[in-house]
Amino acid sequence: MELLDNLALGFSVALSLQNILYCFVGVLLGTLIGVLPGLGPIATIAMLLPITFGLPPVSALIMLAGIYYGAQYGGSTTAILINLPGESSSVVTAIDGHQMARQGRAGAALATAALGSFFAGTVATFLLALFAPPLADLALKFGPPEYFALMVLGLVASVTLASGSVVKALAMIVLGLLLGLSGQDIYTGVPRLTFEVDELADGFDFVALAMGMFGIGEIIRNLEDESQRSLVAAKVKSLMLTKDEFKQIIAPVLRGTILGSFLGILPGGGAMLSSFAAYSIEKKVSRTPMRFGRGAIEGVAGPESANNAGAQTSFIPMLTLGIPSNPVMALMIGALIIQGITPGPNVVTDKPDLFWGVIASMWIGNFMLVLLNLPLIGLWVRLLTVPYHVMYPAIIAFCCIGVYSVNNNTFDVYTMALFGVLGYALVKLDCEPAPLLLGFVIGPMLEEYLRRAMLISRGDPMVFITRPISATLLLLAAVALVMVLLPAVRKTREEAFKE
Amino acid sequence: MIARTTRAACAAVLGLAAAAFALAPGAARAQAYPARPITVVVPFAAGGPTDTVARLVAESMTKTLGQQVIVENVGGAGGTRGAGQVAKAAPDGYTLLLHHIGQATAPSLYRKLPYKVTDFETAGLITAVPMTLIAKPGYEPKTIADVIAYVKANKDKVTYGNAGVGSASHLCGMLFMSAVGTQLTTVPYQGTGPAMNDLVGGQIDLMCDQTTNTTGQIKGGKVKAYAVTTKDRVKSLADLPTMEEGGLKGFEVAVWHGLYAPKGTSPEIVAKLNAALGVALEDPKVVARFADLGTEPEPKDRRSPEFHKTYLTAEVAKWKPVIEAAGVYAD
Amino acid sequence: MGFVRNPKDVISGLLFIALAVLFAWQSRELTIGTAMRMGPGYFPLLLSGLLGLFGLIVLVNGLRTPGEAPSGIVWRALILLTLSTLLFGFAMKPLGFLPALGASVFLSTLASRKFHLMTALIITAVMCVFCWAVFILGLGLPLPLLGPWLGGY
């Protein structure tokens with residue numbers, strides 16, 4: 001069994017005292033920094049990258065991988081506790097996770113995230129070990145038309161994120177798409193929607209937008225009724241999952257894992273789509289979809305498993321082909337190059353200890369995360385009992401530092417202030433911010449892939465239908481659209497009849 | 001604009017005054033340099049090829065100068081944001097810029113550039129990373145001469161990918177098209193990663209990029225390589241001919257990197273930096289890492305600040321007509 | 001407000017329409033191109049149109065179906081928190097990390113109705129020490145503690 005030999009090699013590397021230590025340090029640092037609002041995985045890795053330069057290559061990569069999923073995990077913690085997603089994949093976790101926290105179920109939400117992530121991480125690690133090369137080839141089958149179709153599907157799915165009015169959700173998505181287009185047009189180099197501001201040449205910063213809309217906007221909102229806010233914190237129920245809840249999350253975790261493992265392989269937004277694709281699937285298959293947005297545990301379990309599985313499998317193109325699938329992977333490639341390793345298809349054969357060592361360490365890292373985080377849940381939940389008027393200045397400070405440090409740019413801080421006001425206004429008008437954020441992330445990609453597909457096909461729109469993968473995805477999108485719109489139409493009718 | 005010019009003028013005057021002051025009492029001030037950590041601004045994100053070059057050089061310069069040389073990534077606007085920041089920094093030798101070929105192409109690519117190339121003192125060239133012309137796996141033409149003939153005959157069918165307006169791959173593509181005398185369908189991407197992905201996946205036909213980004217794929221057989229873009233063959237990819245061997249006379253492009261200080265930095269400080277840079281380029285660790293990247297330190301006769309200045313001026317002049325002919329601007 | 005039956009929807013509808021106009025106006029000079037060969041202006045204009053359309057639907061809904069008015073706005077929190085964020089950005093470069101952070105944190109504590117001078121000062125001090133330890137000492141962020149106006153660099 002070649003696989004067993006390979007895994008044995010991997011574990012022998014990953015289980016060396018030194019590498020266990022670096023893995024642990026990475027996971028711990030990642031979690032601690034990721035928990036600070038405003039600091040997601042990308043910012044965390046960029047900050048900690050120089051620390052790894054002095055290490056041997058395998059240890060460096062193991063530690064970076066640990067920081068990556070540790071930070072992702074920490075990001076979910078903040079999303080649940082204070083409704084502050086540090087990056088696109090935890091936007092979805094915030095929706096139901098934070099509602100659970102408000103109902104005193106923060107412990108259960110965090111435990112769900114930990115267990116779901118661990119399960120998904122384990123499955124994804126084995127997928128990586130078993131099928132990395134064929135999966136990477138599959139990813140290469142995705143050309144611009146396929147990505148465009150995938151983005152359309154994602155866009156349709158994002159409507160389900162809203163629990164209120166569908167038209168308002170659609171408007172918020174379109175607003176997000178528009179904000180996402182701001183910056184230089186990559187095809188012609190022309191600046192667009194920059195409001196004649198030089199700093200917007202690269203568009204709005206995601207972290208500034210998210211921290212403004214969710215962070216600042218939410219804090220202003222909370223300060224409306226401070227007495228109520230502290231009441232919520234006081235009635236913390238048991239920290240662990242009940243038996244019923246445990247049963248409830250099994251199916252969502254499985255579905256999320258499968259979805260995330262697949263989407264994670266696709267470079268350019270796959271991993272990001274996975275968490276909210278998982279959310280909309282859970283909401284669709286649920287017999288009680290109205291609980292979503294009000295603290296449904298499946299709404300935490302599915303997306304959390306999906307994004308962890310996706311985070312794991314997004315290593316596949318990087319490790320097997322040397323192609324970064326997202327900014328974090330690009331940073332890791334940079335780290336490898338500094339270490340004197342040229343990432344590429346040869347890494348698997350030339351450096352088996354690196355390849356298999358990193359894969360094995362991912363499982364170990366995930367295991368450590370659970371060990372580390374289950375006991376920490378009690379501590380995090382206790383943080384909620386800190387009086388709100390003491391806690392929010394700290395959140396503001398972290399948001400400011402986090403946003404500033406991404407690009408060392410004061411303009412991003414001003415942007416955050418602007419979006420704070422806009423976010424507050426929109427919340428007051430019952431417009432939910434989550435669809436806007438997803439539109440913001442998808443917008444530029446949607447346009448980019450569409451125009452690229454048309455460019456390569458020389459203006460022939462048939463490429464979307466003649467290529468089987470893209471045709472299938474578009475068909476799925478059409479079906480999903482009907483499913484999303486039908487109940488909405490019915491609901492408005494019902495509401496109309498009620499009056 | 002007026003404010004900027006005035007500021008630049010003031011900086012120049014102040015710089016001259018400072019230089020005169022430094023010269024007068026026996027260069028006492030320059031002796032003390034560096035008294036605190038030096039920041040090298042890299043106008044691109046951490047982890048990219050330019051950042052890698054900067055970190056390797058900075059590590060060695062730290063040892064020589066006895067002060068921490070810190071790399072700060074100020075990405076955005078194709079490198080012009082970071083460069084602009086250094087152009088406005090105090091000319092005290094504590095804020096430097098490490099930039100690549102983009103320093104010479106930005107004045108033509110950006111018609112509203114908020115600074116000038118002459119806002120900097122040149123402190124020396126570092127390395128010129130060769131580029132490679134590569135194609136999707138299984139691409140028909142066999143040799144570089146075949147590619148040129150094929151491209152001329154099928155210009156409507158061929159797609160050329162690049163990593164975005166102003167990127168090295170964009171520059172190389174423009175030069176290639178103007179050398180061959182044809183226009184191909186250019187497909188821009190956000191960075192090398194996604195472009196490489198589509199090339200390996202066979203969605204696009206051709207690309208030209210730095211060895212830093214392509215060597216792994218070439219050696220792993222995931223792409224077809226035709227030629228290197230330097231004057232001479234490259235050691236790490238010795239079986240690849242040069243573009244000139246393929247019939248494109250005088251075709252030469254490399255992603256050269258240079259170190260800059262804000263205009264008005266005293267010649268003593270520039271000389272000190274240039275000397276420390278020279279030591280770094282002899283450092284066996286730097287040389288070895290550069291070799292991994294498929295490049296070499298600049299040879300000794302190309303390392304002086306004066307050579308850098310002449311070279312920069314020549315490069316600005318070389319790219320201006322190419323960019324204007326392509327008619328693609330980034331502003 | 002006789003014909004305005006759902007103020008929340010009416011205001012959001014108007015907000016969306018206003019933003020749609022703003023974005024459309026911003027993209028007025030961009031080449032539109034055709035669906036086959038899109039210019040940089042194609043998507044922004046298309047989306048602005050869609051946003052305007054959705055805004056109109058929300059607006060019409062608000063005129064037809066009744067709903068509640070938005071509850072009172074906490075002007076104090078809105079203004080103070082926005083100011084404290086802006087202050088951080090404004091003070092970062094000239095004054096440096098610690099003054100910017102301290103001023104911003106202190107200003108933000110004023111937003112709460114439970115404001116108490118002693119607590120506010122303690123929070124400010126604790127945050128300054130904590131952030132210094134984490135970001136400067138721990139993570140080594142290249143942020144000057146004191147800016148050029150205060151004798152730093």
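A short reminder: the numbers here are calculations on the coordinates, not readings from a lab. Just so we're clear, the structure is a prediction, and the values are computed from it rather than from any experiment. In this analysis, Cβ positions are derived from the backbone assuming ideal geometry, glycine residues included, and neighbour counts consider all displayed protein chains.
List of remarks:
- Förster radius 45 Å - calculated FRET efficiency between residue B:233 and residue A:478 (Cβ-Cβ, nearest 0.05): 0.25
- Computed over the Cα atoms of the protein assembly as shown, the ratio of the radius of gyration to the Kirkwood radius (Rg/Rh) comes to 0.96.
- Under a 5 Å amide H cut-off, with hydrogens placed 1.01 Å from N, residue B:263 pairs with B:120, B:121 among residues at least 5 apart or on other chains.
- In sequence order, calculated HN-Hα J values of the stretch C:36-46 (Karplus, 6.51, -1.76, 1.60; Hz; x Gly/Pro): 6, 10, 6, x, x, x, 4, 4, x, 5, 4
- Here the simple spin-label model places points 7 Å from the Cα toward Cβ, and for residue A:243 and residue B:152 these points are separated by 8.2 nm.
- Neighbouring Cβ atoms from other chains, within 10 Å of the Cβ of residues in B:183-196, number 5 on average.
- Calculated from backbone phi, Karplus (6.51, -1.76, 1.60) coupling profile of the stretch C:99-116 in Hz, x at Gly/Pro: x, 4, 5, x, 4, 5, 5, 4, 4, 5, 5, 5, 6, 7, 6, 8, 4, 9
- Cα shape, the stretch B:130-237, gyration tensor, a/c 1.5 rule: rounded
- Approximate spin-label separation residue B:325-residue C:118, in nm, with each point projected 7 Å along Cα-to-Cβ: 7.8 nm
- GNM top mover of B:162, B:73, B:154 - chain B, alpha-carbon springs below 10 Å: B:154
- Share antiparallel - DSSP beta bridges, the protein assembly as shown, percent rounded to 5: 60 percent
- Relative contact order (%) - the stretch C:6-153, alpha-carbon pairs under 8 angstrom, separation at least six: 22 percent
- Amide H contacts under 5 Å for residue B:71, placed H, 5+ residues apart: B:40
- With contributions of -39500 (n - 2.57) from each DSSP H run of at least four residues, the per-residue ellipticity at 222 nm computed over chain A stands at -25000 deg cm²/dmol.
- For chain A, a simple Cβ point-charge model (Lys and Arg +1, Asp and Glu -1, everything else neutral) yields a dipole of about 1300 debye relative to the Cα centre.
- Cα point-scatterer Debye curve for the stretch A:65-177, base-10 log of I(q)/I(0) at q = 0.20, 0.24 Å⁻¹: -1.18, -1.21
- Shielding score for A:402-414, defined as the mean number of other chain Cβ atoms within 10 Å: 5
- Only alpha carbons enter this Debye calculation for the stretch C:7-64, each as an equal point scatterer, and the log10 of I(q)/I(0) it gives at q = 0.29, 0.31 Å⁻¹ is -1.00, -1.08.
- Between the stretch B:311-327 and the stretch C:28-72, the Cα center-to-center distance that results, in Å: 43 Å
- Alpha-carbon Rg/Rh ratio, for chain A, with Rh computed the Kirkwood way: 0.95
- Springs join every pair of Cα atoms under 10 Å in this Gaussian network model of chain B, and among B:291, B:83, B:106 the largest mean-square fluctuation is at B:291.
- Theoretical FRET efficiency, 1/(1+(r/R0)^6), r = Cβ-Cβ of residue B:70 and residue C:130, R0 25 Å, to 0.05: 0.60
- Rg/Rh, computed from the Cα trace of the stretch A:335-467 with Rh as the Kirkwood radius, has the value 1.10.
- Trypsin sites (Lys or Arg not before Pro) within the stretch B:95-193, DSSP loop, no more than 11 other Cβ atoms inside 10 Å: B:111, B:112, B:142
- Flagged links, alpha-carbon separation over 31 Å, of B:88/B:309; B:112/B:157; A:141/A:284; B:152/B:320: B:112/B:157
- Relative contact order for chain A: 29 percent, from Cα pairs under 8 Å spaced at least 6 residues apart, divided by residue count.
- Distant-in-sequence amide contacts of residue B:227, defined by a placed amide H-H separation under 5 Å and a gap of 5 or more residues or a different chain, comprise B:133.
- Vicinal HN-Hα couplings computed from phi for the stretch A:466-483 (Karplus, 6.51 cos²θ - 1.76 cosθ + 1.60; Hz; Gly/Pro x): 6, 8, x, 5, 5, 4, 4, 5, 5, 4, 4, 4, 4, 4, 4, 4, 4, 5
- Peptide C:99-106 has a mean of 3 when you count, residue by residue, the C-beta atoms of other protein chains within 10 Å of its C-beta.
- Between the stretch A:451-472 and the stretch B:179-256, the C-alpha centres lie 26 angstrom from each other.
- P(r), alpha carbons of the stretch B:63-208 - 5 Å bins starting at zero, rounded %: 2, 8, 16, 18, 15, 12, 10, 8, 6, 3, 2, 0
- Just so you know, the averaged projected area of the alpha carbon convex hull for the stretch C:75-150 sits at 5.1 nm².
- Separation in nanometres of the label points that stand 7 Å from Cα toward Cβ, at residue A:17 and residue B:249: 6.8 nm
- Cα centroids of the stretch A:127-194 and the stretch B:31-89: 35 Å apart.
- Contact order relative to length of chain B, as percent, for alpha carbon pairs under 8 angstrom and 6 or more apart: 27 percent
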